[in-house]
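This report concerns only the one structure given below.
Where a number appears in this text, it was derived from the coordinates with a stated rule and is not lab data. Model, not experiment: these values are computed from the prediction. Glycine also receives a Cβ, built like all others from the backbone with ideal geometry; neighbour counts cover every protein chain displayed.
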Amino acid sequence: MKENKQLRWAVLGVGVIANEMAQALRAMGRALDAVGNRTQEKAAAFAEKYGVKKVYGDYRQMFTDPDIDAVYLTTPHNTHMAYLEQALSHGKHVLCEKSITLNSGELERAVKLAEVNRVVLAEAMTIYHMPLYRVLRKRLASGELGRVNLIQLNFGSFKDYDMSNRFFNRSLAGGAMLDIGVYALSLARLFLDSSPDQVSSFVRKAPTGVDESAVVSMANREGQLVSAALSLHSKQPKRAVISCEKGYIEIMEYPRADQALIVDAATGTRETVRAGRADCALVYELEDMEAAVRGEGDMLLPYTADVMALMTRLRRDWGVSYPEEEL
């Protein structure tokens, strides 16, 4: 891609995230170039709503379309690998919704395809791109709060036991870990010196056999600790606390947080830090993706791989697998 050329984007899927992506491009003064969906009528309605230039008769055409540079995959995560293989093999840059794949094996294959075809592959992990987290990392790097010792994470919602929906449906790769745990572990990884190599956990399963709730404890080689409580059947605050030697940081409503509280341990001084806007989350992701394609940014794919390795390990420990993994 030429240095100043804007990416020509296609989106696969027309759900909530696809709508947010179209709105983000509109906020950037642009429009989607193409849309594809299993149901063409829904794709046509989406295109009319957002002024999308092209609607594919067969959504798979986006992977071979020479007029498309990048594809945003917004479909359920158990479909990602098949689409990643097609898009990457045809030289498309790919921004993929979380969780980027089902397991580490799939991700490793996708990374190799991206490398061979010299394209950018990234997970649409909001935490890696929101301005607030960058500000907090700089504050921690300054040493003012001392070393990060402990990260505590809560993320939970109450979903009715409808076993046909994606949250608990094993055929749709349901479960708390891939749906919400990915956010908690990604936030932890962002503020840790290295990925945890010691992991223990407790899990409660839904009647379908997927993970409904879990408590996870982890430690890395630097001795930094992580505690995460996750649930799809118990309401919790979306709360993260990063405990340091000289104070702590509290983040509410992650991943799309735009403010945090820093408390000084010695004086009790409380400082509210604000950066970015929660409603611009996808704008930040798209801007960073385009910068990465230009060779001017980093989508933190190694962090994505670290998190995927942890999630794969945890599900293996729990005996939670999906039909695609048993073929």
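General observations
- The label point for Arg274 and the one for Glu144, both projected 7 Å from the Cα toward the Cβ, are 1.7 nm apart.
- For Met252 and Ser194, the FRET efficiency from 1/(1 + (r/R0)^6), where r spans their Cβ atoms and R0 equals 35 Å, is about 0.85.
- DSSP bridge analysis restricted to region 9-125 gives an antiparallel fraction near 0%, rounded to the nearest 5.
- Cβ-placed point charges (K, R +1; D, E -1), dipole of region 24-71 about Cα centre in debye, nearest 20: 200 debye
- Here region 1-123 has an Rg and Dmax of 13.6, 39 Å, counting Cα atoms alone.
- Using the alpha-carbon positions of the chain, Rg (one decimal) and Dmax (whole number) come out as 19.9, 64 Å.
- Cα-based helix-to-principal-axis angle, 40-50 vs the chain, degrees rounded to 10: 70 degrees
- Cα-based helix-to-principal-axis angle, 281-293 vs the chain, degrees rounded to 10: 70 degrees
- Which listed pairs, of Lys98/Lys238; Lys98/Lys205; Lys112/Lys138, have C-alpha distances above 28 Å, in listed order: Lys112/Lys138
- Charged side chains reduced to their Cβ positions (Lys and Arg at +1, Asp and Glu at -1) give the chain a dipole of some 340 debye around its Cα centre.
- For region 232-249, 3J(HN,Hα) per residue [Karplus equation, 6.51 cos²θ - 1.76 cosθ + 1.60, θ = phi - 60°, Hz, x = Gly/Pro]: 9, 9, 8, 6, 9, x, 7, 10, 10, 10, 9, 8, 10, 5, 10, x, 9, 10
- Site-free segments of the chain were taken between trypsin sites (Lys or Arg not before Pro) in DSSP loops having at most 11 other Cβ atoms within 10 Å, sites themselves excluded; the longest one is 6-117.
- Length available on full extension from Ala27 to Ser321: 0.36 nm per residue minus the Cα-Cα distance, which gives 101.9 nm.
- Only Lys, Arg (+1) and Asp, Glu (-1) charged, at Cβ; region 9-125 dipole about Cα centre in debye: 160 debye
- With both labels modelled 7 Å from their Cα along Cα-to-Cβ, the Asn165 to Arg313 distance reads 3.2 nm.
- As an equivalent ellipsoid, region 251-327 spans semi-axes of 32, 23, 12 angstrom, where each value is the square root of five times an eigenvalue of the C-alpha gyration tensor, largest first.
- Distance (nanometres) between label positions extended 7 Å along Cα→Cβ at His90 and Ala265: 5.5 nm
- Helix-only arithmetic for the chain: the sum of -39500 (n - 2.57) across DSSP H runs with n ≥ 4, divided by the residue total, places the mean residue ellipticity at 222 nm at -9500 deg cm²/dmol.
- Under 5 Å, built H, 5+ apart or other chain: amide partners of Ala124: Cys96, Glu97, Lys98
- Each Cα pair under 8 Å and six or more residues apart adds its sequence gap; the mean of these over the residue count of region 9-125 is a relative contact order of 22 percent.
- Note on Glu245 and Ser227: the extension gain reaches 4.7 nm, defined as 0.36 nm multiplied by sequence separation minus the Cα-Cα distance.
- Relative contact order of the chain: 17 percent, from C-alpha pairs under 8 Å at least 6 residues apart in sequence.
- Helix 80-89 axis, angle to the chain major axis (alpha carbon atoms, nearest 10°): 60 degrees
- The antiparallel fraction among DSSP beta bridges confined to the chain stands at about 60%.
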